[in-house]
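Since the structure comes first, as structure tokens, the remarks are kept for the end.
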Amino acid sequence: MQLFDSSQKALLPFQPIQPGQVRIYVCGPTVYDDAHLGHARSAIVFDLLRRTLTAMGYRVTFVKNFTDIDDKIIKKVQESGRSLQELTQDYIQRYKEDMAALGVLPADLEPRATESLDAIFQLIQALLDRGIAYRTPQGDIYFDTSKDRDYCTLSHRCDEERLHRIEPDPHKRNPADFALWKACKGAEDICFDSPFGPGRPGWHIECSAMIDKYLAYHESPYQIDIHGGGADLLFPHHENESAQTRCACGQKLARYWLHNGFVTISGEKMSKSLGNSFFVKDALQIYDGEILRFYLLSTHYRLDLNFNEEDLLATKRRLDRLYRLKKRLYGIKPTQVEPSFKEAMLHALGDDLNISKALAVMDGFIKEANERLDQNPKDRGMKRKFAANIAFLGELLGIGTKDPFHYFQLGVDEETRAKVEALIEERHQAKQAKDFQRADAIRDHLAKMGIALMDTPQGTFWERI
């Protein structure tokens, strides 16, 4: 397997720190609002990485954090009148529900910043003891970037324009210095007791502390194998994480750094400041979660994705072909996945998660399977192999997992569904009474409604056409 490392800007062969094991940390959301498509894409990208490594035989430990204390969260608490715990728990639950709808597997560990304060205190104290951090007269604690000779070697982005993104403070020694601990600023501030006085952690320190506490190999030059997140996190967030761990622990944070591209709408980077944020919950009102997942999955993870309905519908038609094959195999129990198919899929994804190659393999399988079924429609052994291949796609890509008839009923409203089911039952009664003219008339009526029927030994199934 080879992966594109953001730090070295090169494809590198993947070599885990410990043979057969992979430890991955992905930056999760700051929970002050609902998840948007940018969150969804990042979650799906690293879900694919995790599934691929698992299918390759690695034992994967996957950690994703929740930032549950932050300026934006405090502002939302003050505006809403809700408690910090109530507000953040609500958004964490919503996030989990949205990700489940998209087929994203839950992380092995999901630590929260407010539950990791002891680890944060220890890391800050280590930086103070080493003279890498300093206190201001106001009680804030900053990381002194001038003391880290390797600062900016991860992102290579420490130009003047990007440094303006780091919060200003006249008491900082250097413009690039960043907060490790923010002292309480007043009665409305949300604060925690600490050895440094009341306050709260900076954004960057929490991830370094949680990796060190929950995931790190402490005996290795690298704490974890892979650190991931959106491209917007490379600087300053990941740069600062890397610096903190390097200076406090004497280790590099991650052996490989992976970053997914942005989601854009009409060519603009999706952000709330631009007013074009597209919440996952809204998308799920229109599109099924698996269809949305497949669409977000179908563009290579390092490329930006311009969300538009035309491309989404084209992607759905590709998924339709998989489900039409699955429908031909209805009721068939899978055996073992065909080795050649599994090998081809993993070879494609082993090339830096090359989803285009992987989906080309999938398309080739669907085409060949249909041709062979046309030639030998009663070959159950062959059908069971094909069914196993589809089941493997479900494990690897998180697609093709639905009942095929239910899939082709997606988007049918409850009133229409009830009407269709009633007509199917009426047709069944007509056939029982040998009133085949009435049964055929009902089938024709359903066809005019855009409903196709399929009679099987298990019963009559229908789909929207």
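Go through segment 206-211 residue by residue and turn each phi into a ³J(HN,Hα) via Karplus (6.51, -1.76, 1.60, θ = phi - 60°); whole Hz please, and just put x for glycine and proline.
5, 5, 4, 5, 5, 5
Could you state the per residue volume, in Å³, of the convex hull enclosing the Cα atoms of the chain? Numbers along the way, then the final one.
Details: hull volume 75.9 nm³, N = 465.
Cα convex hull per residue, to the nearest whole number: 163 Å³.
Helix-derived [θ] at 222 nm for the chain: sum -39500 (n - 2.57) over DSSP H runs of at least 4, divide by residue count, nearest 500?
On the way: 16 runs with 209 residues, N = 465.
Calculated at 222 nm, the ellipticity per residue is -14500 deg cm²/dmol.
Long-range amide H contacts for Phe14: which residues qualify at under 5 Å (H placed 1.01 Å from N, peptide plane, sequence gap of 5 or more or a different chain)?
Result for Phe14 returns Gln2, Leu3.
How much net charge surrounds Thr88 when only other residues with a Cβ under 10 Å from its Cβ are counted (Lys, Arg +1; Asp, Glu -1)? Could the numbers behind the result be given before it?
Values: positive: Lys76, Arg82, Arg112; negative: Asp68, Asp70, Glu86, Asp90.
Charge balance near Thr88 sits at -1.
Skipping prolines and chain starts, which residues have an amide H placed within reach, meaning under 5 Å, of the one on Asn306, given they are 5 or more residues away or on another chain?
Hits under the 5 Å cutoff: Thr264.
Kindly state, as a whole number, the per residue volume in cubic angstrom of the convex hull around the alpha carbon atoms of segment 414-464.
Numbers: hull volume 3.5 nm³, N = 51.
In segment 414-464, the Cα convex hull volume per residue is 68 Å³.
Averaged across orientations, what area in nm² does the convex hull of the alpha carbons in segment 205-363 project?
Numbers: hull surface 52.3 nm².
With the hull built on Cα positions only, its mean projection is 13.1 nm².
How long is the gain from Asn376 to Lys9 if the chain were fully straight, where each residue apart is worth 0.36 nm and the alpha carbon distance is subtracted?
Details: separation 367, 0.36 × 367 = 132.12 nm, distance 4.95 nm.
Residue separation times 0.36 nm, minus the Cα-Cα distance, leaves 127.2 nm.
What relative contact order, as a whole-number percentage, does segment 133-218 give when Cα pairs under 8 Å and 6 or more residues apart are counted? Don't skip to the answer; put the middle values down first.
Numbers: 93 pairs, mean separation 22.1, N = 86.
Once divided by the residue count of segment 133-218, the mean separation gives 26 percent.
How large is ³J(HN,Hα) for each residue in segment 54-68, as worked out from phi by the Karplus curve 6.51 cos²θ - 1.76 cosθ + 1.60 (θ = phi - 60°), to whole Hz, x for Gly and Pro?
Listing the rounded values in order: 5, 5, 7, x, 7, 8, 9, 10, 10, 10, 9, 8, 10, 7, 10 Hz.
Take the Cα pairs of segment 372-465, get the Kirkwood Rh, then feed it into Stokes-Einstein at 20 °C and 1.002 mPa s and tell me D in µm²/s. Present the calculation step by step, with values, prior to reporting the outcome.
Numbers: Rh = 15.4 Å.
Here the translational diffusion coefficient equals 139 µm²/s.
Grab every C-alpha pair in segment 317-404, bin the distances at 5 angstrom width from 0 up to the longest one, and report whole percents.
Each 5 Å bin holds this share of Cα pairs: 3, 15, 27, 28, 17, 7, 2, 0.
Once the principal axes of the Cα atoms of segment 2-265 are found, what is the range along each, listed largest first in whole angstroms?
53, 43, 36
Nearest-5 percent of antiparallel DSSP beta bridges in the chain? Show your work: numbers first, answer last.
Details: 23 of 46 bridges.
Around 50 percent of the beta bridges assigned by DSSP in the chain are antiparallel ones.
Under a Cβ-Cβ cut-off of 10 Å, what is the net charge of the residues other than Gly450 that fall near it, where Lys and Arg count +1 and Asp and Glu count -1?
For residues surrounding Gly450, the net value is +1.
With the cut-off at 27 Å, tell me which of the pairs Lys75/Lys172; Lys96/Lys316; Lys72/Lys402; Lys357/Lys383 have Cα atoms farther apart than that.
Working: Lys75/Lys172 24 Å; Lys96/Lys316 24 Å; Lys72/Lys402 38 Å; Lys357/Lys383 24 Å.
Pairs exceeding the cut-off: Lys72/Lys402.
Contact order normalised by length for the chain, with contacts defined as Cα pairs under 8 Å and 6 or more residues apart; what percent is it? Before the final figure, lay out each step's value.
Details: 690 pairs, mean separation 74.3, N = 465.
With pairs under 8 Å counted, the relative contact order is 16 percent.
Taking amide H positions as placed in the peptide plane 1.01 Å from N, state which residues far from Phe178 in sequence (5 or more) or on other chains have amide H under 5 Å from it.
Distant-sequence amide H within range of Phe178: Phe143, Thr145.
How high is the relative contact order of segment 317-404, given as a whole-number percent (alpha carbon pairs under 8 Å, six or more residues apart)?
Details: 78 pairs, mean separation 41.4, N = 88.
With pairs under 8 Å counted, the relative contact order is 47 percent.
Compute the long axis of helix 436-448 from its Cα atoms, compare it with the longest principal axis of the Cα atoms of the chain, and write down the angle in degrees, 0 to 90, nearest 10.
That helix lies at roughly 30 degrees to the long axis.
Where the centroid of each part is defined by its Cα atoms, how far is segment 1-63 from segment 307-370 in Å?
First find each Cα centre; the distance between them is then 22 Å.
No value in this document is a laboratory result; all are computed from the given coordinates. What you are looking at is a predicted structure, and each value in this text was computed from that prediction instead of being measured. Methodologically, a virtual Cβ is constructed for each residue, glycine included, from the backbone with ideal geometry; neighbour enumeration extends over all protein chains shown.
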